[in-house]
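Nothing in this text is a laboratory measurement; each read-out follows from the coordinates by a stated rule. These figures come from a predicted structure and were not determined experimentally. Virtual Cβ from ideal backbone geometry, glycine too; neighbours counted across all protein chains shown.
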Amino acid sequence: MIDVVKGPFDKSKRGYDMDLLMKIIRRTAALAVILVVLFFIIPSKPVSMQDYEYAGVTARKQCISFMKEIEGSAELYRLENSVTSEIKMESPRLLNEMKYLKLVTRCSMNKDKDYTLTVPAGSSTIEVECPTHGKLSEVDTTGLEKGIRKRSFFEKLFLDKVSSR
């Protein structure tokens with residue numbers, strides 16, 4: 001005679017084997033918790049640690065980008081409004097009001113002060129200065145255009161999950 005293993009849905013009894021059903025549910029719940037920890041909580045740790053480590057470099061890159069944007073809008077202003085003498089601006093708000101600049105931005109490391117800029121007459125370079133990082137022409141940008149560091153496996157996994165939502 002063949003011995004058959006009966007599962008929780010054995011119809012020979014009047015009801016279901018509740019003890020076996022509860023055991024299966026508990027194991028499934030435990031497995032779900034383990035999967036959540038493995039795929040969502042652990043991969044998010046390196047990303048949050050990276051934020052503190054690279055915040056200064058990111059702020060510097062952002063500041064340089066803002067200064068270049070202001071320099072470009074000041075160049076357009078100078079070309080369209082035949083500037084005959086040097087103009088010093090304590091804030092790029094004038095460029096914003098005249099629609100040469102979409103937003104008036106500030107350095108993320110010093111949100112209290114605006115960028116200052118000097119628009120010279122003629123073809124000399126426009127000077128944009130950040131209160132924290134200094135003049136755009138004097139800022140050392142070596143290494144900033146190389147991009148960010150290589151991501152770890154968990155960071156890639158986490159970012160792929162987030163971007164696929």
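Which of LYS102/LYS156; LYS111/LYS156; LYS99/LYS135; LYS23/LYS161; LYS68/LYS156; LYS61/LYS161 have a Cα-Cα distance over 29 Å?
Going by Cα-Cα distance, LYS102/LYS156; LYS111/LYS156; LYS23/LYS161; LYS68/LYS156 fall outside the 29 Å limit.
Taking the number of other C-beta atoms within 10 Å as the exposure measure, put ARG60, ARG26 in order starting with the fewest.
Fewest-to-most ranking of ARG60, ARG26: ARG26, ARG60.
HN-Hα J couplings of the range 77-82 from phi, Karplus 6.51/-1.76/1.60, θ = phi - 60°, integer Hz, Gly and Pro as x?
Per residue, the Karplus-derived 3J(HN,Hα) values read 4, 5, 5, 7, 10, 3 Hz.
By count of other Cβ within 10 Å, fewest leading, how are PHE153, PHE40, PHE158 ordered?
Ascending number of Cβ neighbours within 10 Å: PHE153, PHE40, PHE158.
If you put +1 on each Lys and Arg Cβ and -1 on each Asp and Glu Cβ, how big is the dipole of the range 55-139 around its Cα centre, in Debye rounded to 20?
Approximately 320 debye in magnitude.
Roughly speaking, what is the stretch gain from MET18 to ASN96, that is 0.36 nm per residue apart minus the C-alpha to C-alpha distance, in nm to one decimal?
Length gained, MET18 through ASN96: 21.0 nm.
If you take the beta carbon distance between LEU157 and ASN81 as r and set R0 to 45 Å, what does 1/(1 + (r/R0)^6) give as a FRET efficiency, to the nearest 0.05?
0.30
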